Amino acid sequence: MSMQVQSWREDAACKGVRPGLFYPDNELEERKAKAVCGLCKVKECCLEFALNSGEPEGIWGGLNSRQRRRLMRSRRGVQAYASL
Ligand code: SF4
């Protein structure tokens, strides 16, 4: 883990929150986790970390795995368009 990764984790709003909340098994828990992310000042770093490392599960940067996959597809589409 790089120093950069460690530094954003220090400012995470979820620091000290039960980690299991970010691996929800129902919609209410997912909403609670996303509410914490909504207050997080390192949300973008967290999301980029999850996207770059291909995190397959959990809530990262306020997005669930399905939403992250959709974002990645969207980014790939933009890159493909930009290269035309
Ligand atoms: S965005 Fe959410 S999961 Fe990521 S560090 Fe912040 S609170 Fe934690």
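Quick note: the coordinates plus some simple rules give every number you see, no bench work behind them. Since this is a predicted model, take the numbers as computed values, not measurements. Positions of Cβ are backbone-derived with ideal geometry, glycine not excepted, and every protein chain shown enters the neighbour counts.
Farthest toward the positive end of the dipole of segment 3-82, out of GLY77, VAL17, CYS40, is the Cα of GLY77, where the dipole comes from beta carbon charges about the Cα centre. Using Cβ point charges alone (K and R +1, D and E -1), the dipole size of segment 3-82 about the Cα centre works out to roughly 280 debye.
Dividing the mean sequence gap of close Cα pairs (under 8 Å, 6+ apart) by how many residues the chain holds gives a relative contact order of 25 percent. Within the straight-line cut-off of under 18 Å between alpha carbons, the aspartates and glutamates reachable from LYS32 are GLU57, sequence neighbours fewer than 8 places apart in one chain being disregarded.
In the chain, which longest range has no trypsin sites (Lys or Arg not before Pro) that are both DSSP loop (not H, G, I, E or B) and surrounded by at most 11 other Cβ atoms within 10 Å? Counting only loop sites that pass the neighbour cut-off, the longest clear stretch is 42-84.
Shape index of segment 3-82: Rg/Rh, with Rg the Cα radius of gyration and Rh the Kirkwood radius from the inverse mean 1/r over Cα pairs, equals 1.00.
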